[in-house]
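Okay, structure first, notes after.
The values are calculated or read from the model by the stated rules, or taken from the named source; none is laboratory data. The model shown is predicted, which means the values in this text are computed figures rather than measured ones. Virtual Cβ from ideal backbone geometry, glycine too; neighbours counted across all protein chains shown.
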Amino acid sequence: MSGDKDFDAKNGIVDGPTPPHTELAALYKQSFAYYTFRVRLPSTLATIADSLVKDKDELLATYGEAAGADIEQTTKDVRQLREDILSNGSLQPFAEGKDAQLWNTFLDKLPAEKRSYFAACWLYAECYMYRRISSIFQATSHMAQHDYFSRQKQTAARLSVDAMLAVARATRQNERSADTFRQLVKLNLWGNRCDLSITSGKQVKPTGNAFDQVTDLEEKLLIDGTAAVWQALNEGSSAGIVDIVFDNAGYELYTDLILAEYIIDKGLAAKVRFYPKAIPWFISDVMEHDYHWTLQFLADQPDAVLSELGKKWQRLTKEGRFELSPLEHFWTSPYEYYRMAEVNPGLYNRLREAQLVIFKGDLNYRKLLGDFSWDSTESFETCLRGFRPSNLCTLRTVKADLICGLGAGVAEQLFAKDKEWMLTGEYGVIQFASQ
């Protein structure tokens, strides 16, 4: 493992798992957080720095010859950030960005002994790293708007065309029914397995028939709250709003839009609002430009089915039935969602307008629960700690060592089968909480 042998002793690393009912942190050597900060995140930073060097000519063509100094400086700063993590550096305040005060207020309230990468709560420290990368680029003269994850996200979409086409062909003539809805929700859930932040940017190509996989993966679905989600929508207002809090671009975004299209076409809501990220985030998270790029990418496909689909979604966007919500830096802050009503009451009240809010993916799940080692049998409602702006649904493939809502003995059986079952993305949950 990278770094010096004395690292653990020097930084008070505990050679054991995360204790029950404590914050997840890289302080515990047998945790996924420790592996994340010793291996995964340094690898992500090395990839960014290497790509700046490799793509220098292309970047100069995009941002102008004057960007040469920016490329050198950002490469140097990203490599320094990598060294800071590997030496358990401290979490410093931010000088730039619209959300600097939001972050600095948060950091000020952290106890002094928890202001380093390995001592801080995993959620806080990992979000901090991605915000710190953004600040490196924001400080430049010519590359403040550069999305250093854009190429990886676009490659992920290109690798998914066959899977996208198969899904499009299978969903052009479907009916308003609990069974069809269940299939589309599960399609959307398993689309979350294509997550570049888990593979440190290595591509994952979706293969095979997606709906056959939904059936094959049934035994991997640990909690299935789809019936309650359907009931909330089916009995709700056809003039209502459904909110989707995005996770990954590429194939997962495509399945988000397939589900959103169904909700509109079948009269389950009049509008679906989407929440993208304001800055490049966890490698593959959707930004506003990723949304528009994806729709145009589909519209430009030679196959008529995909091309028509892209144009239809562009039309729905123009008509306001698909709506990109105003950018909110809360989504790229370290705050758990139970603190939203206090920290960003405007956003909380916006979510209250929806009859259903769908939270996509692992990071949203971590923010719903907080990075906390709950008992695996603790109820979802308890773990939300009062965060109930509307009916909530979370679609998450399990890629971090926290979970709730399982039956007695289920986690123990899974650990007996595979001690790393919580880290692979093989298992999924669909959890629902009514308002």
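Can you go through S134, S150 and tell me which one is buried (at least 18 other Cβ atoms within 10 Å of the Cβ), under 21 Å from the mean Cα position of the chain (by Cα) and farther than 26 Å from L402 by Cα?
S134
Exactly one condition in (1) in contact with a Gly (Cβ under 7 Å, 6 or more places away or on another chain); (2) farther than 28 Å from C383 by Cβ; (3) part of a loop (DSSP other than H, G, I, E, B) is not met by Q30; state its number.
That leaves (2) as the condition not met.
Test A26 against the stated conditions and say whether it is closer than 21 Å to R132 by Cβ and surrounded by fewer than 20 Cβ atoms within 10 Å (Cβ to Cβ).
Considered against the rule, which asks whether it is closer than 21 Å to R132 by Cβ and surrounded by fewer than 20 Cβ atoms within 10 Å (Cβ to Cβ), A26 comes out as no.
Could you pull out the residue among N192, N188, N174 that is within 19 Å of L309 (Cα to Cα) and at pLDDT below 95?
Of the residues listed, the single one that is within 19 Å of L309 (Cα to Cα) and at pLDDT below 95 is N174.
For the condition within 15 Å of F181 (Cβ to Cβ), in contact (Cβ under 8 Å) with a residue 60 or more places away in the chain, under 20 Å from the mean Cα position of the chain (by Cα) and in the same structural domain as N188 (by TED's automatic domain parsing), what is the one hit in T255, T226, T294?
Exactly one residue qualifies, and that residue is T255.
Need the failing condition index for L107 against (1) in a helix (DSSP H, G or I); (2) more than 25 Å from the chain's Cα centre (by Cα); (3) touching a residue at least 12 places away in the same chain (Cβ under 8 Å), just the number.
For L107, the exception is condition (2).
Identify, please: which residue in the stretch 258-281 is in contact with an Asp or Glu (Cβ under 8 Å, 6 or more places away or on another chain) and not charged (D, E, K, R) and is, among those, surrounded by the fewest Cβ atoms within 10 Å (Cβ to Cβ)?
Among those that are in contact with an Asp or Glu (Cβ under 8 Å, 6 or more places away or on another chain) and not charged (D, E, K, R), it is A278.
Right, F118: assigned to a helix (DSSP H, G or I) and either assigned by TED's automatic domain parsing to the domain that holds D300 or of a type outside the set (S, T, Y) (or both) or not?
So F118 does not fit the description; no.
Name the residues in the stretch 362-395 that are farther than 21 Å from A25 by Cβ and either in contact with a Lys or Arg (Cβ under 9 Å, 6 or more places away or on another chain) or modelled with pLDDT under 95 (or both), would you?
Across the stretch 362-395, the qualifying residues are E381, F387, P389, S390, T394, L395.
So, of the residues in the stretch 284-309 that are of a type in the set (G, A, S) and part of a helix (DSSP H, G or I), which turns out to be farthest from V245 (Cα to Cα)?
Per the criteria, the residue is A304.
Among the residues of the stretch 318-361, write down those that are more than 27 Å from L102 (Cβ to Cβ), touching a residue at least 24 places away in the same chain (Cβ under 8 Å) and surrounded by fewer than 21 Cβ atoms within 10 Å (Cβ to Cβ).
G320, R321, Q355, listed by residue number.
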